[in-house]
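Presented below is the structure to which this report refers.
The values are calculated or read from the model by the stated rules, or taken from the named source; none is laboratory data. Given the structure is predicted, the values throughout are model-derived calculations rather than measurements. Glycine gets a Cβ as well: all are built from the backbone with ideal geometry, and neighbour counts include every protein chain shown.
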Amino acid sequence: MHSARAYQKLTISLRLVAFLAAALPVSIHAQPKLFSESSPAFSDVLQKAQNGEFGEALEDLAKEIADIPGPVRGFVAAGILEDAGQTKEAIDTYLALADTPLADIAHFKAGSLMLKNGDTSGARAALGTISMTSGSFVSARLLLAKALLAEGRPAAAEVVINDLLEDELPGKVLFSARMLRVDVTKALGNLERAHSEAFLAWLYAPNRSCQDKAGATLQEMDAPILPAHLKLRELIHAKGKALKTMGNAARKRPKALKKIDPGLPHLISGIAHRAVRKTRAKAVEDLELAVSVAVDPWIKDYAAFSLGRALVLTNDDPKAFDVFVELLGGHGPFAADAAFEASKAATRLKKPDEAEALLTTCLKEHPEGGYGPEIRWELALNAMVYGEFQKALDIIESALTRLDFGDCLLFGQAERFRYFRAVALERLGRSFEAKEELMRVASGDPWSYYGVLAASKLQGMDTQLDDLGLKRQTDESNASLGAIWMGRLGMTAKAREQLITLAYRGMLSTADIQLLLSMGISSRHHREFFRGGLDSDVNLQLTDRFKRPFLNEVQAACEQTGVDPALIYAVMQVESGFNPRARSSAGAIGLMQLLRTTARNVATISLQDPKLARTVGRPSSNIMIGAALLQELESLFHGHLPLVLVGYHAGSGSGKRFHRNFRHLSTDLLVEVLPFRQTTRYIKRVISLTAGYRALFDADNQGPLRLPLCVPNDLGPFLEKRPPEV
């Protein structure tokens, strides 16, 4: 009775929760204190709850507590009721937090409790209200699909899961969605497809626990994992030295692998040739042999898919396209991958209608691939490459309804889509709208790849960053208030998850991002959410991210070659992480990751010092030769930085080929259509770092980095012999 009276008092006080939330001023600090640290009275409440004195704790929460917002008191009270075993009252209290900054997390907790109690209808209602801007959205959609499946509504569950798979999902979440699709597909009676999708989930499982779960599901379906499948999974996850070791074993000891499956030694050797040794013609030869002799159907399918990718690298898009399309005959585990790659080949082959049809097929018939955002992007890119900018704009705006919910800083897919929305708008003659979009991208992060592109495009439109009167939002955003409260309640992981979700949805200001960066996020997220161009005090803290070791060696190389030191440092950081002993599986060595043959040619022809190549492992020699190679590539591509970086990363021959094939495109589109995904990522990262180094350490006053908007029509000289200097 004691706790029941407290609950009644609490529900009365919660009627004021929405008003209290709206009236509270937002005050966000870099490291806000826990509520328990700032309020002794609130700390006493938590202590009573921890001691099992639930009734007294609830009575205290029903009263006003200085500096503790009403929604926070309600959320804590619901948790206490839950701990006290009063589930119905806990659910009602969570649901009473609608229209407050804690509504989504509260509704997720309510829906979870309802599912435990067997109230699937109530759970559906609670979970269905959770916003896409919530850190709980993905988990809520998974629970919602489970609720629908439990109700015997697999078709409705399939709609929920397929819709979720249209978003970019991290590894573990993608695995969970795939496994839930397996259950749904089984319930719909399509056992063959369920088997294929379970195998896909097992093959790409992000950890051992997930792998075991998928393996157990396959075992239940009378489809056990075979030794050939174990080797296939090992091959798919092997990188660098591990892949090189597998390749060497396949060449030297093929008999053991042939006993497992005759195609395995050729498959492993072919992938090692393609990815490690870069001997692409040999890769094609081995993979064609693997396709012809493999016995296991999924070994054969993966060999065919790998063959298609190897053919792309040899510039044989027509044959690659045919190989990919042939894999689309059924619903095998690599069908989504094949459809996606076939569409990209079709775009390069100037078959826009076929590319669009393949992408649509991939999206509708193969949601398990998890290509949702990339498919929408490729559809828009395909339209832009062929001049259909209104069509591209429609696709982009549809995609942004799932990606961008605010007007703050942009990250990931949202930044790319916003930039190219501006491109489409400009081409359609809507220049003022285009400038507004470009301003948001350029002012959000002037050092990101798309920020540099946007500023370059504004400059080409005779517009400076201040011309439209738009400024970067530096004040705290109201959207982050719920996450701040979670953090102050000690729910650091949930707060971090919420802020990350809001960041990807375009709803965080600079101040919010600074808070997120202080919360111990992963290095990948830290790198992605880092924003350049902040005030000088912050810039001083950022110099550790833009290290400048080997300063004398870089200066000497710049003086001799004329290459921008910012570019040298950016290349050095991406290539080797400033490790002078770095050595790649392909044999590239040193800070600038140079192959010995390349170093010898550059030292002999460009620097006219053949002896320098003998000491290419030394930092001074390595940096000098690397800078000279950059200089030669700048000469070849007339200073067009993206093509220079293609030449450095993939070889001058690839750079020349891409120039020949794509020079009719603008710079921004050229980078997006490159068939080498790693090279595209490399270009964007090096340009971003170059912009940062230039902004922080521009001793020669060159100004901010800007990119050419057009590709040069012709090529310049490259490594041409010259008379010795007198």
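Applying the criterion of being over 11 Å from Pro367 (Cβ atoms) and charged (D, E, K, R) to the residues of the range 149-166, the residue that is modelled with the highest pLDDT is Arg153.
Residues in the range 641-682 that are surrounded by fewer than 23 Cβ atoms within 10 Å (Cβ to Cβ) and touching a Pro at 6+ places or on another chain (Cβ under 7 Å): 1 in all. Here Tyr693 fits the description: at pLDDT below 95 and either surrounded by 16 or more Cβ atoms within 10 Å (Cβ to Cβ) or within 31 Å of the chain's Cα centre (by Cα) (or both).
When each of Gly111, Gly122 is tested for being without any contact (Cβ under 8 Å) to a residue 40 or more places away in the chain, more than 16 Å from Arg488 (Cα to Cα), of a type outside the set (Lys, Arg) and surrounded by fewer than 21 Cβ atoms within 10 Å (Cβ to Cβ), the lone residue that passes is Gly122. Here the range 59-110 is the region considered, the condition is being among the acidic types (Asp, Glu), within 21 Å of Ala140 (Cβ to Cβ) and in contact with a helix residue (DSSP H, G or I) (Cβ under 6 Å, 6 or more places away or on another chain), and the residue that is modelled with the lowest pLDDT is Asp99. Checking Arg694, Arg685, Arg681, Arg677 one by one, the residue that is closer than 20 Å to Met592 by Cβ, without any contact (Cβ under 8 Å) to a residue 12 or more places away in the chain and among the basic types (Lys, Arg) is Arg681 and no other. Consider Arg233 carefully, then state whether it is within 24 Å of Gln678 (Cβ to Cβ), out of contact with any Gly (no Cβ under 6 Å at 6 or more places or on another chain) and not β-branched (Val, Ile, Thr). Yes: the conditions hold for Arg233.
Go through the residues of the range 295-312 one by one and say whether even a single one is over 26 Å from Gly651 (Cβ atoms) and of a type in the set (Lys, Arg). Within the range 295-312 (the criterion being over 26 Å from Gly651 (Cβ atoms) and of a type in the set (Lys, Arg)), the answer is yes, since at least one residue qualifies.
For the range 577-629, filtering for residues that are of a type in the set (Gly, Ala, Ser) and either surrounded by fewer than 20 Cβ atoms within 10 Å (Cβ to Cβ) or under 29 Å from Ile271 (Cβ atoms) (or both) leaves 12. Pull up the range 47-93, narrow it to residues that are among the polar types (S, T, N, Q) and surrounded by fewer than 23 Cβ atoms within 10 Å (Cβ to Cβ), then point me to the one that is nearest to Lys33 (Cα to Cα). The extreme case among them is Gln47. Checking each residue in the range 223-248 for being at pLDDT 95 or above and of a type in the set (D, E, K, R) picks out Lys231, Arg233, Glu234. Checked against the criterion of being farther than 25 Å from Thr679 by Cβ and among the charged types (D, E, K, R), the candidates Glu368, Glu354 yield just one match: Glu368. Taking the numbered list (1) under 25 Å from the mean Cα position of the chain (by Cα); (2) crowded, with 20+ Cβ neighbours inside 10 Å in turn, Phe637 passes all entries but (1).
Of all positions in the range 614-625, none carries a residue that is closer than 25 Å to Arg681 by Cβ, at pLDDT below 95, polar (S, T, N, Q) and in contact with a Gly (Cβ under 8 Å, 6 or more places away or on another chain). Of the numbered criteria (1) of a type in the set (Asp, Glu); (2) more than 30 Å from Ala205 (Cα to Cα); (3) part of a helix (DSSP H, G or I), the one Glu415 fails is (2).
Annotation: of all residues in the range 407-426 being crowded, with 18+ Cβ neighbours inside 10 Å and not hydrophobic (A, V, I, L, M, F, W, C), the one that is nearest to the chain's Cα centre (by Cα) is Gln413. The residues in the range 608-625 that are farther than 15 Å from Ala582 by Cα and out of contact with any helix residue (DSSP H, G or I) (no Cβ under 7 Å at 6 or more places or on another chain) can be counted, and the count is 3.
Only one of Ala216, Ala205, Ala194 is in contact with a Ser or Thr (Cβ under 6 Å, 6 or more places away or on another chain) and at pLDDT 95 or above. Can you tell me which?
Just one listed residue meets the conditions, Ala194.
Within the range 562-593, track down each residue that is assigned to a helix (DSSP H, G or I), more than 12 Å from Pro549 (Cα to Cα) and β-branched (Val, Ile, Thr). Result: Val571, Val574.
For the range 673-711, the set of residues classified as in a loop (DSSP other than H, G, I, E, B) and closer than 28 Å to Ala355 by Cα consists of Leu674, Pro675, Phe676, Leu709, Val711, listed by residue number.
For the condition within 19 Å of Ala335 (Cβ to Cβ) and either free of Cβ contacts under 8 Å to residues at least 24 places away in the same chain or out of contact with any His (no Cβ under 7 Å at 6 or more places or on another chain) (or both), what is the one hit in Ala187, Ala238, Ala194, Ala256?
Being within 19 Å of Ala335 (Cβ to Cβ) and either free of Cβ contacts under 8 Å to residues at least 24 places away in the same chain or out of contact with any His (no Cβ under 7 Å at 6 or more places or on another chain) (or both) holds for just one of Ala187, Ala238, Ala194, Ala256, which is Ala194.
Note on the range 359-376: residues that are of a type in the set (A, V, I, L, M, F, W, C) and either modelled with pLDDT of 95 or more or in contact with a Leu (Cβ under 7 Å, 6 or more places away or on another chain) (or both) amount to 2. Elements of the type helices (runs of 4 or more DSSP H) sitting completely within the range 216-277 and holding at least 3 residues that are within 33 Å of the chain's Cα centre (by Cα) and surrounded by fewer than 21 Cβ atoms within 10 Å (Cβ to Cβ): these cover 227-237, 240-252. Scanning the range 47-90 for residues that are in a helix (DSSP H, G or I), more than 18 Å from Gly490 (Cα to Cα) and in contact (Cβ under 8 Å) with a residue 60 or more places away in the chain turns up Leu81, Glu89. Checked against the criteria, Lys656 counts as more than 20 Å from Ala557 (Cα to Cα), touching a Leu at 6+ places or on another chain (Cβ under 8 Å), part of a helix (DSSP H, G or I) and charged (D, E, K, R).
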